[in-house]
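The next block holds one structure in the form of structure tokens; read it before the comments.
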Amino acid sequence: MKRTEILRMNKEGWEKSAERFYGRTALPEYGPFSLSEEQLHLFGPITGKKILDIGCGSGHSLQYMGNGGAQELWGVDLSTKQIETAKKLLHSQESKVTLFESPMEENPGLPLEYFDIVYSIYALGWTVDLQKTLSHIHSYLKPGGIFIFSWEHPIHDRLTYENSSFTLKKSYNIEGPEYNEAWHSNVVIHHRKLSTYINTLIEANFIIEKVIDDVVLPATITEDPSKWYSTQKATLVPATFIVKATKRDISHCLINT
Ligand SMILES: C[S@@+](CC[C@H](N)C(=O)[O-])C[C@H]1O[C@@H](n2cnc3c(N)ncnc32)[C@H](O)[C@@H]1O
């Protein structure tokens, strides 16, 4: 399937499902069963910072950043509905907000070497071209700038609950586009190994600072184990992983001639 066709299908899927995800995966949370930003403090001080959200969705993470004192709030998202919703949500901070309806695989007019922080909460894995997307993100950051993202851990959807136990139904090793079972409409997400995310970041000239896949479990288990994100599954494998990386700052390097 062509990448443009996947983007078209995924956009259609998100236009239909945007309401279902209103504010669902947003900072300070990084994702299901994960440590939160309140515990991890990966971003450091955000006061006065220029910030870009990749796959900004309903804008709740940008709102968190704005409330924390960020100076400029920029966002990119594929879905018209999500961008409209984010605009409404961020209305009170509108003087510092710039939003683009665009696939993250393209630069819709974002300034280069401009941002102190770029982040993506449960959106980066939607990309149809990880290499290109990371290379754009790298170009938007100032030298020394921070890139943080969270996404579903690639082992998580390999396990399926059936006949009272979890079975490894899909290969972890085979990468590529797959129809996603959790969705009520047809959407395609690329399965990528954890090492692919890490190595593609390194190839895009990022320095990896931290990889986190710790699991936080509730004290009691009450829900159905066949739910997409169930505590029972999270006792076996992580649901979420987080990566913090920085853009190499070469300004202080000596040049030997
Ligand atoms: C789970 S939501 C993100 C939630 C959001 N980060 C927040 O903080 O509220 C994932 C988002 O990725 C967007 N998306 C999916 N594919 C995309 C692509 N190729 N380029 C840009 N955005 C994309 C969807 O429209 C959706 O809004």
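The values are calculated or read from the model by the stated rules, or taken from the named source; none is laboratory data. Values in this document were obtained by computation on a predicted structure and should not be read as measured data. Neighbour counts run over all protein chains shown; Cβ positions are idealised from the backbone, glycine included. Heads up: the accessible areas ignore ligands, DNA and RNA and are worked out on the full protein's heavy atoms, side chains in. Shrake-Rupley method; radii C 1.70, N 1.55, O 1.52, S 1.80 Å.
Which three lengths, in whole Å and largest first, does the stretch 111-193 cover when its Cα atoms are put on their principal axes?
Largest to smallest, the principal-axis extents are 52, 24, 22 Å.
Just want to confirm a number: the relative contact order over the chain, from Cα pairs under 8 angstrom separated by 6+ residues, in percent. Show your work: numbers first, answer last.
Values: 495 pairs, mean separation 51.4, N = 257.
About 20 percent, as a whole number.
Taking 2.2 N^0.38 Å as the expected size of a compact globular protein, what ratio does the Cα radius of gyration of the chain give against it, to two decimals?
Numbers: Rg = 18.3 Å, N = 257, 2.2 N^0.38 = 18.1 Å.
Ratio of Cα Rg to 2.2 N^0.38 Å: 1.01.
Too long at a 19 Å Cα-Cα cut-off: which of LYS170/LYS227; LYS49/LYS81; LYS132/LYS210; LYS11/LYS247; LYS16/LYS169?
Details: LYS170/LYS227 17 Å; LYS49/LYS81 27 Å; LYS132/LYS210 22 Å; LYS11/LYS247 30 Å; LYS16/LYS169 28 Å.
Flagged as over cut-off: LYS49/LYS81; LYS132/LYS210; LYS11/LYS247; LYS16/LYS169.
Go through the stretch 66-76 residue by residue and turn each phi into a ³J(HN,Hα) via Karplus (6.51, -1.76, 1.60, θ = phi - 60°); whole Hz please, and just put x for glycine and proline.
Computed from phi, the couplings for the stretch 66-76 are x, 5, x, x, 4, 7, 9, 10, 10, x, 10 Hz.
Under the rule of at least 5 residues apart or a separate chain, name every residue whose amide H is placed under 5 Å from the amide H of SER58.
GLY23
Using a 1.4 Å probe on the protein heavy atoms, what percent of the accessible area of the chain belongs to carbon and sulfur? The partial results should precede the final answer.
Details: 6470 of 12580 Å².
The value for the chain is 51 percent carbon and sulfur by accessible area.
For the stretch 12-17, in order, what is each residue's ³J(HN,Hα) by Karplus, 6.51 cos²θ - 1.76 cosθ + 1.60 with θ = phi - 60°, in whole Hz (x at glycine and Pro)?
For the stretch 12-17, the Karplus-derived couplings read 4, x, 6, 4, 6, 10 Hz, x marking Gly and Pro.
With springs only between Cα atoms under 10 Å apart, run a GNM on the chain and tell me which of GLU162, GLU181, GLU12 wobbles the most.
Answer for the Gaussian network model of the chain: GLU162.
Restricting to Cα pairs below 8 Å that are 6+ residues apart, what does the relative contact order work out to for the stretch 1-68? Please round to a whole percent. Could the numbers behind the result be given before it?
Working: 33 pairs, mean separation 21.6, N = 68.
So the answer I get is 32 percent.
Using θ = phi - 60° and the Karplus relation 6.51 cos²θ - 1.76 cosθ + 1.60, list the HN-Hα couplings for the stretch 132-146 in order, rounded to whole Hz, with x at every Gly or Pro.
Each residue's phi maps through the Karplus curve to give 5, 5, 5, 5, 4, 4, 4, 6, 6, 7, 5, x, x, x, 9 Hz.
At a probe size of 1.4 Å, how large is the accessible area of GLU106, to the nearest 10 Å²?
100
Work out the length of the dipole vector of the chain about its Cα centre, built from +1 on the beta-carbon of each Lys and Arg and -1 on the beta-carbon of each Asp and Glu, and round it to the nearest 20 debye.
So the magnitude is around 200 debye.
What number comes out for the charge environment of LEU89, summing +1 per Lys or Arg and -1 per Asp or Glu over other residues with Cβ under 14 Å away? Walk me through the numbers before you get to the answer.
Values: positive: ARG24, LYS81, LYS87, LYS88, LYS96; negative: GLU19, ASP53, ASP77, GLU84, GLU94.
Net charge in that neighbourhood comes out at 0.
Cα centroid distance between the stretch 138-167 and the stretch 88-133, in Å?
When both Cα centres are located, 18 Å separates them.
If R0 is 22 Å, what FRET efficiency do you get for SER36 and ALA219 from their C-beta distance, rounded to 0.05?
Step by step, r from the Cβ atoms, then E = 0.85.
Summarise the long-distance tail of P(r) for the stretch 111-253 by giving the % of C-alpha pairs beyond 28 Å.
Numbers: 2792 of 10153 pairs.
So the portion of pairs separated by more than 28 Å is 27 percent.
What accessible area, in Å² to the nearest ten, does a 1.4 Å probe give for LYS170?
Its accessible surface works out to 50 Å², give or take rounding.
Amide H to amide H under 5 Å from VAL97: which residues, 5+ apart in sequence or cross-chain, H placed 1.01 Å off N in plane?
Correct list: LEU73.
Calculate the all-directions average of the projected area of the stretch 165-208's alpha-carbon convex hull, and give it in nm².
Numbers: hull surface 18.6 nm².
Spelled out: convex hull of the Cα atoms, projected over all directions, averaged, 4.6 nm².
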